[in-house]
Amino acid sequence: MNHFAVHNKMQLLHALLAGAYPTYHEARANPFTVELVGTNFKMRFPNGLHESLATKAATRMRRKSPSFFRGNS
């Protein structure tokens, strides 16, 4: 299982897209997690992630407020 530890919004978006695969079979064979360092935010994809769903998730993340991506300081 791959693990991405990211520090900001752009890294999070790129990690989602990097973990995605073009076919459902490949996606299922490659599970991964994404963790936003400094927060409790974690995304788990035990069945992998298809490229179409990754694109939709990245679009939703782009709309989030920048304060959502700040760590506990």
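Values in this text are rule-based calculations from the coordinates and carry no lab data. As the structure is a computational prediction, the values presented were derived from the model and not from experiment. A quick note on method: Cβ atoms are made from the backbone with ideal geometry, for glycine too, and the neighbour counts reach across all protein chains shown.
All other residues whose Cβ lies under 15 angstrom from that of R28 are scored, Lys and Arg at +1 and Asp and Glu at -1, for a net of -1. Under the combined filter of DSSP loop state and at most 15 neighbouring Cβ atoms within 10 Å, the chain retains these chymotrypsin sites (Phe, Trp or Tyr not before Pro): F41.
Helix 9-19 and the longest principal axis of the C-alpha atoms of the chain enclose an angle of approximately 10°. Bridges between two residues of the chain, per DSSP, are antiparallel at a rate of about 40%. Diffusion coefficient (Stokes-Einstein, Kirkwood radius over C-alpha pairs, 4 °C, 1.567 mPa s) for the chain: 105 µm²/s, rounded to a whole number. Which trypsin sites (Lys or Arg not before Pro) in segment 23-68 pass both tests, a DSSP loop state and at most 16 other beta-carbon atoms within 10 Å? When the trypsin sites (Lys or Arg not before Pro) of segment 23-68 are filtered for loop state and at most 16 Cβ neighbours within 10 Å, R63, K64 remain. Against the main long axis of the alpha-carbon atoms of the chain, helix 51-62 sits at an angle near 10°.
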